[in-house]
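Throughout, read-outs are computed from the coordinates displayed, never taken from laboratory work. All figures in this text were calculated on a predicted structure; none of them were measured in a lab. We place every Cβ from the backbone using ideal geometry, glycine too, and count neighbours over all the protein chains shown.
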Amino acid sequence: MRSGRSEAKRKGGGASLPLPLLLILPATSFILVLYIYPLVLSITRSFTLGPESLTLANYAKAWALYKKDIIFTIEVAFLGTLLAIILGLALACYARISRSRVAHFVNSLSRLTIFLPYVIVGQMMRSFLAPHGFLNIILANMKLVDLDSPIQFFNIRGLLLGFLWKEIPFVSFLVSSSLQVIDDCYLEAARSVGAKTRHVVLNILIPMIKPTIIIAGVLTFCTIVSTFTLPYMLVTESPTMVTVDIAHRVTYFRDYGVANALGVLLYLLAAPMAVYYLRRMVREKIYGY
């Protein structure tokens, strides 16, 4: 009887093999339906034009019409990411080294912007950066600007300010979690041999949290590249960002071919960052570093 039960268990064990697959089926199906399928469909349709197949006409048209916007998007993405990393890192290091109430208050206050959606940020920035908005009024009171010819911010300047206002706290939040893990003994040892604050930051803190900084940069870059609301609300002149062009081609021209081609260009722009992020997460999960 026992041998019969053991044999039955061994035979039944084969039926339990698909269980891990069944457990990951919902998540896998979700990714396939909402991410992989639209991605493949977008790439496929970007190479089709009417009855023709495998044509580059959509890409040629997209480049001819929106070359300046593509370059503008790349400039905003890289410049915004670089500034957000530098300023967010400075804020996080200041809060880590200072340990004062003022530093804690500033760091906590800045994180409130993380939870605001971009549509609210865009509306706030429109009021703040308007030709006769709050910023120009302050500058006029300081005799730095004439309100008859105020500084125009509804361009790359205002767009970068909007992205930085949103992304600096996000970078600071990610970096701060890694900075808090660093033991104070490293800082005290450096100070005991005469290291100044900038040496502590550049030679101790930043090298120890380099992976986190890179991940923060990847997430910030992908966020800037994919954001539609902020450039739509803040940029009132040409050039603008590619996400606005995609919406324009679909809404006014029903030109899905060019829209898909522009979307593929954004995929290619963000793909190296996404691949690095995924490889980093997998390596950290497997090897712990």
query = Roughly how many nanometres apart are two label points built 7 Å out from the Cα toward the Cβ at Leu202 and Ile43?
reply = 4.3 nm
Calculated [θ] (222 nm, deg cm²/dmol) that DSSP helices of n ≥ 4 give over the chain, each run adding -39,500 (n - 2.57) = -24000 deg cm²/dmol
task = Would you grab the residues whose amide H sits under 5 Å from the one on Val145? Only those 5+ places off in sequence or on another chain, please, with H modelled 1.01 Å from N.
result = Ala140
query = What is the order of Cys93, Cys185, Cys222, fewest Cβ neighbours within 10 Å to most?
reply = Cys185, Cys222, Cys93
task = Identify which of Leu19, Leu278, Leu109 has the largest mean-square fluctuation in a Gaussian network model of the chain, with springs joining Cα atoms closer than 10 Å.
result = Leu19
request  = Mind ranking 68-79, 116-127 by how tightly packed they are, going by the mean number of other C-beta atoms within 10 angstrom, highest first?
outcome  = 68-79, 116-127
note = Plugging the Cβ-Cβ distance of Ile137 and Lys67 into 1/(1 + (r/R0)^6) at R0 = 51 Å yields, to the nearest 0.05, a FRET efficiency of 0.85
query = How long is the stretch 65-256 along each principal axis, judged by its Cα atoms, biggest number first, in Å?
reply = 64, 45, 26
message = Restricting to Cα atoms and excluding each atom paired with itself, what does the Kirkwood estimate give for the stretch 112-193 in Å?
response = 15.5 Å
ask   = Mind checking which of Leu234, Leu87, Leu32 has the largest fluctuation in a GNM of the chain, springs on alpha carbons under 10 Å?
value = Leu32
